[in-house]
Amino acid sequence: MSNHRHFIIHKPYGYLSQFIYELKRKKKLLGELYNFPKGTMAIGRLDEDSEGLLLLTTDGKMSEIVRSKKVDKEYYVQVDGIITQDAIDKMKKGVEIGFNGTKYITKPCESFIVTNIPNFGARGKKIRDERHGPTSWASITVNEGKFRQVRKMTAAVGFPTLRLIRVRIGNVHLNDLQAGEVVEVESFF
């Protein structure tokens with residue numbers, strides 16, 4: 001029996017995936033959403049402007065397992081324009097993105113056009129309205145995590161990301177968790 005604790009959270013837009021921020025500008029942190037126990041850490045990160053499933057734990061070994069390339073991470077992305085099957089196919093094969101000042105080819109991944117968009121609720125900051133042109137959604141599942149990789153992938157195929165929501169890590173799903181909601185679980189796997 002482990003004394004470690006595990007949490008599933010729907011990270012809202014505008015929050016950092018951390019508990020401490022030492023720069024001068026005020027930022028929203030995860031500790032404002034729930035009274036997490038001392039030693040809780042986020043497993044991986046979501047950018048401040050990204051939303052969705054985030055796992056937290058007091059177990060460093062669990063963190064290593066989840067961050068490994070063996071565990072898929074699925075994202076739903078709202079993109080600028082109506083994404084094409086050709087763009088999806090290019091992402092599936094791997095596209096060239098910039099990473100740490102060098103070019104990098106992403107590993108093959110799963111991707112498809114999403115026609116039945118779940119009700120994620122309104123984002124904390126409005127994206128834009130229909131006057132700026134159409135948008136569409138795609139699913140991208142990766143098992144690597146380069147800096148802002150999914151956003152760079154959609155931009156590389158001509159469809160910049162407007163909204164990014166992680167919906168799955170391994171077999172843990174966002175399901176109906178609302179933004180800011182936290183659930184404690186026995187284990188992730």
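The values are calculated or read from the model by the stated rules, or taken from the named source; none is laboratory data. Not measured: the values here are computed from a predicted model. Here Cβ is always computed from backbone atoms with ideal geometry, including for glycine, and neighbour counts include all displayed protein chains. Note: accessible area is taken over every heavy atom of the protein model, side chains too, but ligands, DNA and RNA are not part of it. Shrake-Rupley method; radii C 1.70, N 1.55, O 1.52, S 1.80 Å.
Each Lys and Arg contributes +1 and each Asp and Glu -1, all at the Cβ; summed about the Cα centre of segment 10-68, the dipole is approximately 220 debye. Give, in nm to one decimal, the length gained when the segment between Lys90 and His4 is fully stretched (0.36 nm per residue of separation minus the Cα-Cα distance). Fully extending the segment from Lys90 to His4 adds 26.8 nm. Please name whichever of Leu53, Gly101, Val79 sits farthest to the positive end of the charge dipole of segment 44-105, dipole taken about the Cα centre and charges placed at Cβ: Lys and Arg +1, Asp and Glu -1. About the Cα centre, the residue reaching furthest to the positive side is Gly101.
Could you give the dipole magnitude of segment 1-142 about its Cα centre, charging the beta-carbon of Lys and Arg +1 and that of Asp and Glu -1, in debye to the nearest 20? Please list the in-between numbers first.
On the way: 24 positive and 17 negative charges, 101 e Å.
Here the size comes out at about 480 debye.
For the chain, the solvent-accessible area with a 1.4 angstrom probe is 57 square angstrom per residue. The label point for Asp72 and the one for Asn116, both projected 7 Å from the Cα toward the Cβ, are 1.7 nm apart. Placing Met41, Met153 in order of accessible area, with the largest value first and a 1.4 Å probe, yields Met41, Met153.
For the chain, the alpha-carbon radius of gyration amounts to 1.04 times the rule-of-thumb value 2.2 N^0.38 Å expected for a compact globular protein. Pairs spanning more than 22 Å between alpha-carbon atoms, out of Lys11/Lys73; Lys93/Lys152; Lys90/Lys146; Lys107/Lys152; Lys28/Lys70: Lys28/Lys70. Taking only protein heavy atoms and a 1.4 Å probe, the accessible area of the chain is 50% carbon and sulfur.
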